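What follows is one structure encoded as structure tokens, with my remarks underneath.
The values are calculated or read from the model by the stated rules, or taken from the named source; none is laboratory data. On a predicted model such as this, the values are computed, not experimentally measured, just so you know. All Cβ positions, even for glycine, are placed from backbone atoms using ideal geometry, and neighbour counts span all protein chains on display. Accessible surface is based on the protein model in full, side chains and every heavy atom, while ligands, DNA and RNA are left aside. Shrake-Rupley method; radii C 1.70, N 1.55, O 1.52, S 1.80 Å.
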Amino acid sequence: MKVGIPREVKNHEYRVAITPAGVNEFTRSGHQVFVEAGAGVGSSITDEEFTAAGAKILDTADEVWDAADLVLKVKEPVAEEYHRMRAGQVLFTYLHLAASRDCTQALLDREVTGIAYETVELPDRSLPLLAPMSEVAGRLAPQVGAFYLMRTGGGRGVLPGGVSGVYAAKTVVIGAGVSGMNAAAIALGLQSEVLLLDKNVGRLRQADAIYRGHLQTVASNAYEIERAVLDADLVIGAVLVPGAKAPKLISNELVSRMKPGSVLVDIAIDQGGCFEDSRPTTHADPVYRVHESIFYCVANMPGAVPNTSTYALTNVTLPYALELANHGWREASRRDPALALGLNTHSGQVVYGPVAEAHGLPT
Ligand code: NAD
């Protein structure tokens, strides 16, 4: 099969949908890989690395889309890409179609078989192609928190780990899921004092089993959140209620009583945020003040570390992409029900219920 990887064109998107290792896997299986010139540059992967792994570099996006039976991307197509899609082509990428009627219509008009990373779902209901981005955001959160805690970052001027004879900073992580557990791991690595809250005590048991007393776990409720937050230097919001907006766990009034110069990182901002005053920010302008605290609410945190994010994403997408190339999408979906759930559009029809519902379309 001919596999095409165009350069991402969405604003501030530096990831790429394949790595040299991925190119190598495809070519070993007898497929041809076409990569647009410069597609990996934002992730610090050169054309030469792709070529050495067996890819053919093509100068333009038009050529890549033209050549490919299977197109691998990171983000949904944007308007300037719509005309490049063609009937019968398989597109495997984050699509988030419920959020965009225009993009949905473009896939229908062009009769593309659209398979969305975010709806590939395992039998335990976990989303394997979203998890790595939660890992990245979680691990990044204490790092950005530490930066803004510095006086030069506008914060209280504390070092997360303190030094000998000096108290460490207190980090509160709310949510012990994928991003929260990764945030806790790095906050501990920085030697801050970590308190981890979750409503699900099972999650806290798992954390306890791993950390054996190196962090404190507490069942999440309004009373305990207030107690924890008032004592915190850094608060990381990492909650998710599937299919719903994030619950507002920290009010404006509570922030007004927090330590001056404390920092709040809201990872859950893509679901509306879990602090009352959270509003989405960008890497260009990531923070703002609420009372005397600093809020960091970047909605695409992994975008700050595209090299790591590209490798993390392609580690999990590659096995599915190989199945698509080796067997074709129909047979690959028949073999793997998780992948089958990724199918969103085919032959001018929406075939994924929630997307059809979002746009009032038949399935
Ligand atoms: P997850 O499902 O793995 O974990 C969420 C946890 O929150 C669960 O353990 C759940 O029990 C807990 N929770 C729910 N309500 C709670 C409450 N009231 N108090 C305490 N805990 C509560 O989710 P995840 O993969 O870690 O994702 C968390 C959020 O981060 C999601 O909204 C996700 O979309 C978002 N995210 C954001 C970025 C970014 O760049 N900002 C990147 C990746 C993921």
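Would you confirm, using the coordinates I've provided, whether Arg151 is more than 9 Å from the ligand (Cβ to nearest atom), open to solvent by 70 Å² or more (accessible area, probe 1.4 Å), within 17 Å of the chain's Cα centre (by Cα) and charged (D, E, K, R)?
Values: more than 9 Å from the ligand (Cβ to nearest atom): yes; open to solvent by 70 Å² or more (accessible area, probe 1.4 Å): yes; within 17 Å of the chain's Cα centre (by Cα): no; charged (D, E, K, R): yes.
So Arg151 fails the test.
Pick out the one residue from Thr317, Thr217 that is part of a helix (DSSP H, G or I) and of a type in the set (S, T, N, Q). Write out each step before concluding.
Working: Thr217 fails: part of a helix (DSSP H, G or I).
It is Thr317.
I'd like to check something: does the stretch 171-181 contain any residue that is of a type outside the set (Gly, Ala, Ser), open to solvent by 20 Å² or more (accessible area, probe 1.4 Å) and within 11 Å of the ligand (Cβ to nearest atom)?
Going residue by residue through the stretch 171-181, those that are of a type outside the set (Gly, Ala, Ser) are 171-174, 178, 181.
After this cut, where a residue has to be open to solvent by 20 Å² or more (accessible area, probe 1.4 Å) as well, the list is 178, 181.
When the remaining residues are screened for being within 11 Å of the ligand (Cβ to nearest atom), the result is 178, 181.
The answer is yes, given that some residue of the stretch 171-181 is of a type outside the set (Gly, Ala, Ser), open to solvent by 20 Å² or more (accessible area, probe 1.4 Å) and within 11 Å of the ligand (Cβ to nearest atom).
Looking at the stretch 123-142, I want the residues that are in contact (Cβ under 8 Å) with a residue 40 or more places away in the chain and basic (Lys, Arg) and have a partner that is part of a helix (DSSP H, G or I) and surrounded by 19 or more Cβ atoms within 10 Å (Cβ to Cβ) with Cβ atoms under 8 Å, at least 6 apart or on another chain. Which pairs are those?
Once the first residue is in contact (Cβ under 8 Å) with a residue 40 or more places away in the chain and basic (Lys, Arg) and sits in the stretch 123-142, its partners that are part of a helix (DSSP H, G or I) and surrounded by 19 or more Cβ atoms within 10 Å (Cβ to Cβ) give Arg139/Asn182; Arg139/Ala183; Arg139/Ala185; Arg139/Ile186.
Evaluate the following for Pro160: is it modelled with pLDDT of 95 or more, surrounded by 18 or more Cβ atoms within 10 Å (Cβ to Cβ) and not in a helix (DSSP H, G or I)?
Numbers: modelled with pLDDT of 95 or more: yes; surrounded by 18 or more Cβ atoms within 10 Å (Cβ to Cβ): yes; not in a helix (DSSP H, G or I): yes.
When the stated conditions are applied, Pro160 passes them.
Taking the conditions exactly as written (more than 9 Å from the ligand (Cβ to nearest atom), free of Cβ contacts under 8 Å to residues at least 60 places away in the same chain and buried (at least 24 other Cβ atoms within 10 Å of the Cβ)), does Ala146 satisfy them or not? It would help to see each step written out before you state the result.
Working: more than 9 Å from the ligand (Cβ to nearest atom): yes; free of Cβ contacts under 8 Å to residues at least 60 places away in the same chain: no; buried (at least 24 other Cβ atoms within 10 Å of the Cβ): yes.
So Ala146 does not fit the description; no.
Could you look through the stretch 3-62, keep only residues that are among the acidic types (Asp, Glu) and either crowded, with 19+ Cβ neighbours inside 10 Å or modelled with pLDDT of 95 or more (or both), and pick out the one that is farthest from Thr308 (Cα to Cα)? Spell out how you get there, then give the answer.
Applying the first criterion (among the acidic types (Asp, Glu)) to the stretch 3-62 yields 8, 13, 25, 36, 47-49, 59, 62.
Going one step further and asking which of them are either crowded, with 19+ Cβ neighbours inside 10 Å or modelled with pLDDT of 95 or more (or both), we end up with 8, 25, 36, 47-49, 59, 62.
Details: Glu8: 16, Glu25: 19, Glu36: 20, Asp47: 18, Glu48: 19, Glu49: 16, Asp59: 25, Asp62: 28 Å.
Per the criteria, the residue is Asp62.
Hey, could you check the stretch 190-214 for residues that are part of a strand (DSSP E or B) and closer than 20 Å to Ala169 by Cα and say which is most open to solvent (accessible area, probe 1.4 Å)? Steps first, answer last, please.
Narrowing the stretch 190-214 to residues part of a strand (DSSP E or B): 193-198.
Imposing the further condition that a residue be closer than 20 Å to Ala169 by Cα reduces the set to 193-197.
On the way: Glu193: 96, Val194: 8, Leu195: 45, Leu196: 0, Leu197: 1 Å².
The extreme case among them is Glu193.
Would you check which residues across the stretch 298-307 are crowded, with 18+ Cβ neighbours inside 10 Å and more than 8 Å from the ligand (Cβ to nearest atom) and list them?
Scanning the stretch 298-307 gives Ala304, Val305, Pro306.
Considering only residues that are away from the ligand (no atom under 11 Å from the Cβ) and farther than 30 Å from Ser333 by Cβ, look in the stretch 121-143 and name the one that is most open to solvent (accessible area, probe 1.4 Å).
Gln143
Need pairs with beta-carbon distance below 9 Å; first residue part of a helix (DSSP H, G or I) and within the stretch 24-41, second charged (D, E, K, R) and crowded, with 17+ Cβ neighbours inside 10 Å; sequence gap 6+ or separate chains.
Final answer for the pair search is Val41/Arg7.
Please go through the stretch 64-91 and pick out each residue that is part of a helix (DSSP H, G or I) and not small (Gly, Ala, Ser). Break it down stepwise before answering.
Applying the first criterion (part of a helix (DSSP H, G or I)) to the stretch 64-91 yields 64-67, 79-82.
Result: Val64, Trp65, Asp66, Glu80, Glu81, Tyr82.
Please list, ordered by first then second residue, the pairs with beta carbon atoms under 7 Å, 6 or more apart or interchain, first in the stretch 258-284 and within 24 Å of Pro132 (Cβ to Cβ), second basic (Lys, Arg).
So the pair list comes out as Gln271/Lys245; Gly272/Lys245; Cys274/Lys248.
For the stretch 268-282: of the residues being more than 16 Å from the chain's Cα centre (by Cα) and among the hydrophobic types (A, V, I, L, M, F, W, C), which is nearest to the ligand (Cβ to nearest atom)? Break it down stepwise before answering.
Of the residues in the stretch 268-282, the ones more than 16 Å from the chain's Cα centre (by Cα) are 274-279.
Now narrow it down to the ones that are among the hydrophobic types (A, V, I, L, M, F, W, C): 274-275.
Working: Cys274: 8, Phe275: 12 Å.
Checking each candidate, the answer is Cys274.
Residues in the stretch 98-108: is at least one away from the ligand (no atom under 16 Å from the Cβ), hydroxyl-bearing (Ser, Thr, Tyr) and surrounded by fewer than 22 Cβ atoms within 10 Å (Cβ to Cβ)? Explain how you work it out, then say what you get.
Here is the first cut: in the stretch 98-108, the ones away from the ligand (no atom under 16 Å from the Cβ) are 100-108.
Filter again for hydroxyl-bearing (Ser, Thr, Tyr), leaving 100, 104.
Subsequent filtering for residues that are surrounded by fewer than 22 Cβ atoms within 10 Å (Cβ to Cβ) retains 100.
Yes, some residue in the stretch 98-108 is away from the ligand (no atom under 16 Å from the Cβ), hydroxyl-bearing (Ser, Thr, Tyr) and surrounded by fewer than 22 Cβ atoms within 10 Å (Cβ to Cβ).
One line per residue, one yes/no per condition, for (1) open to solvent by 60 Å² or more (accessible area, probe 1.4 Å); (2) closer than 22 Å to Asn11 by Cα:
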residue	(1), (2)
Glu81	no, yes
Arg86	yes, no
Val90	no, no
Thr119	no, no
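Under the condition of being within 9 Å of the ligand (Cβ to nearest atom) and small (Gly, Ala, Ser), which residue from the stretch 223-267 is surrounded by the fewest Cβ atoms within 10 Å (Cβ to Cβ)?
Across the stretch 223-267, the extreme among qualifying residues is Ala246.
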